[in-house]
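Below: the structure, in structure tokens.
The values are calculated or read from the model by the stated rules, or taken from the named source; none is laboratory data. Keep in mind it's a predicted model, so treat the numbers as computed, not measured. Cβ sites come from the backbone with ideal geometry, for glycine too, and all protein chains shown count toward neighbours. Each accessible area value is taken on the protein alone, full model and side chains, heavy atoms only, with ligands, DNA and RNA left out. Shrake-Rupley method; radii C 1.70, N 1.55, O 1.52, S 1.80 Å.
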There are 2 protein chains.
Amino acid sequence: MDIRTLCLGALSLGDATGYDIKKLFDEAFSHFFAAGYGSIYPALEKLAEEGKVAYDRQQQEKRPDRKVFRITATGREAFITELIDTPPREKLRSEFLVLMFFAHLLPPQRLAAVLQERLDESQRELAILEELARRELPAGMKFTIHYGQAITQAAIVCIKENQARLIRDVNATVNECNPSTLR
Amino acid sequence: MDIRTLCLGALSLGDATGYDIKKLFDEAFSHFFAAGYGSIYPALEKLAEEGKVAYDRQQQEKRPDRKVFRITATGREAFITELIDTPPREKLRSEFLVLMFFAHLLPPQRLAAVLQERLDESQRELAILEELARRELPAGMKFTIHYGQAITQAAIVCIKENQARLIRDVNATVNECNPSTLR
DNA sequence: TCCAATATATATCTATTAGATATATATTGT
DNA sequence: ACAATATATATCTAATAGATATATATTGGA
């Protein structure tokens, strides 16, 4: 599953500009599928070439012409097919856990700062999800929010329950890292 | 933070071949930073060019020469700097949640199958983490496993607690999806 | 009233990455 | 005996992330 598929999904919810679609990626999709302009505009271009979307240009003064995209029947069909065929994978890329994995190489203050920063960021993510949860949404969309809340909350609890011991243990065993255990 | 940094990290644990490093990505790193051969070999090449790693070739009969990489002082310094400077971000890419978000477009059996498949996959991930947890590991590495277990367990609980109602509600409100709520 | 911050819009570019693919023998387990 | 897995080296290409460019309108605070 790729950015083009998500753009089709965004347009299945209603006509939108590239700028509107970016906002969806930044808000409703943000906790499970991020994308930037660098991927969105080329994806829309490709989808238009493939006949899966079409667009109207709305001339604007002193601004680039607005392109309002809409999904076509071809695009809708392709989108449904992708929803049927895509395996429900998940993939986490966590720089936070990389830093924890190599915590024995971090100065103590840095370790403490990283944990605090991760807690702060997680609280912000929860606030965003709380805001999303207030909306009247279909069941599936609500579920994605609950899911995001559940795993973010679990992350927060895990950090809070372990950080004191982690900081103590890392400091106590800085030179005991045994690489051969990992192979 | 990128693949090269993680390769430096892997080599900070001990000398290794590209194949060994791939195994680390598939095991100890797998729940927070995946990478394949397509990224690892070019990363090692680049690091060697930059003087951050060096390698010995060990001739083998009937197989490509073994390249055993080791981190250099330059590389270790660069790695520590990266650990100090990298913000502790996290990013989830979840095709599962995309499917849930658009659940109103899925046939009921497909929705049920996706949920079950995600549960099955999460159980497998827990088993892998359980296996990793049995090893004698430094505190930071242990923490990454606990963290992975906490969020995977939370995901499982969330799916189990919500799946029946989700399936019922999605079927009941298939045509009530209101896109304007998302903008 | 002024001005900084934010919103609204379109994009392009390039280094990195994911995943597929290639090659090929040794070892292990059924 | 043979299939499956392990051990090894890679390359290739389409997709992506993130930075960057351009530029005005609107909003909110001082």
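Numbers at a glance
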{"quantity": "Rounded, prolate or oblate (a/c below 1.5 giving rounded, otherwise prolate when a/b exceeds b/c) for the protein assembly as shown by Cα gyration tensor", "calculated": "prolate"}
{"quantity": "Inter-label distance, nm, simple model (7 Å from Cα along the C-beta direction), B:Ile84/A:Thr81", "calculated": "5.4"}
{"quantity": "Relative contact order of chain B, defined on C-alpha pairs under 8 angstrom at six or more residues apart (%)", "calculated": "19"}
{"quantity": "Percent accessible area from carbon and sulfur atoms, the range A:44-183, protein chains only, probe 1.4 Å", "calculated": "47"}
{"quantity": "Vicinal HN-Hα couplings computed from phi for the range B:27-40 (Karplus, 6.51 cos²θ - 1.76 cosθ + 1.60; Hz; Gly/Pro x)", "calculated": "10, 4, 8, 4, 8, 8, 6, 8, 7, x, 4, x, 9, 6"}
{"quantity": "Choice from B:Thr17, B:Thr144, B:Thr86 showing the highest fluctuation, given a GNM over chain B with Cα pairs closer than 10 Å", "calculated": "B:Thr86"}
{"quantity": "Under-5 Å amide H pairs with B:Lys67, H placed in peptide plane, nonlocal only", "calculated": "B:Gly18, B:Gln58"}
{"quantity": "Rounded FRET efficiency, nearest 0.05, which uses the C-beta distance separating A:Asp65 from A:Asp15 and R0 of 22 Å", "calculated": "0.90"}
{"quantity": "Under-5 Å amide H pairs with A:Thr72, H placed in peptide plane, nonlocal only", "calculated": "A:Val53, A:Ala54"}
{"quantity": "Accessible area expressed per residue, the protein assembly as shown, with surrounding protein chains retained (probe 1.4 Å, Å²)", "calculated": "49"}
{"quantity": "In sequence order, calculated HN-Hα J values of the range B:70-82 (Karplus, 6.51, -1.76, 1.60; Hz; x Gly/Pro)", "calculated": "9, 7, 9, 4, 4, x, 5, 4, 4, 5, 4, 4, 5"}
{"quantity": "Residue-averaged 222 nm ellipticity for chain B, from DSSP H runs of 4+ at -39500 (n - 2.57), nearest 500", "calculated": "-20500 deg cm²/dmol"}
{"quantity": "Estimated inter-spin distance, B:Glu49 and B:Val157, nm [label 7 Å along Cα→Cβ]", "calculated": "4.9"}
{"quantity": "Cα gyration tensor shape for the range B:61-112, rounded if a/c is under 1.5, else prolate or oblate", "calculated": "oblate"}
{"quantity": "Overall Cα dimensions of chain B, principal axis frame, Å, largest first", "calculated": "64, 38, 38"}
{"quantity": "Global geometry of the range B:1-101, whether rounded, prolate or oblate, following the gyration tensor of its Cα atoms and the 1.5 cut on a/c", "calculated": "oblate"}
{"quantity": "Cα→Cβ-extended label distance, 7 Å offset, between A:Glu27 and A:Asp56, nm", "calculated": "2.2"}
{"quantity": "For chain A: lysine pairs under 29 Å (alpha-carbon distance), excluding those fewer than 8 apart on one chain", "calculated": "21"}
{"quantity": "For the axis carrying chain A to chain B: nearest C-beta residue of A, whole Å", "calculated": "A:Ala154, 2"}
{"quantity": "Gaussian network model of chain B, Cα within-10 Å springs - most flexible of B:Ala28, B:Ala139, B:Ala154", "calculated": "B:Ala139"}
{"quantity": "Vicinal HN-Hα couplings computed from phi for the range A:8-24 (Karplus, 6.51 cos²θ - 1.76 cosθ + 1.60; Hz; Gly/Pro x)", "calculated": "4, x, 4, 6, 5, 8, x, 4, 7, 8, x, 5, 4, 5, 4, 4, 4"}
{"quantity": "Part-to-part distance (alpha-carbon centres) for the range A:138-171 and the range B:51-99, which is given in Å", "calculated": "27"}
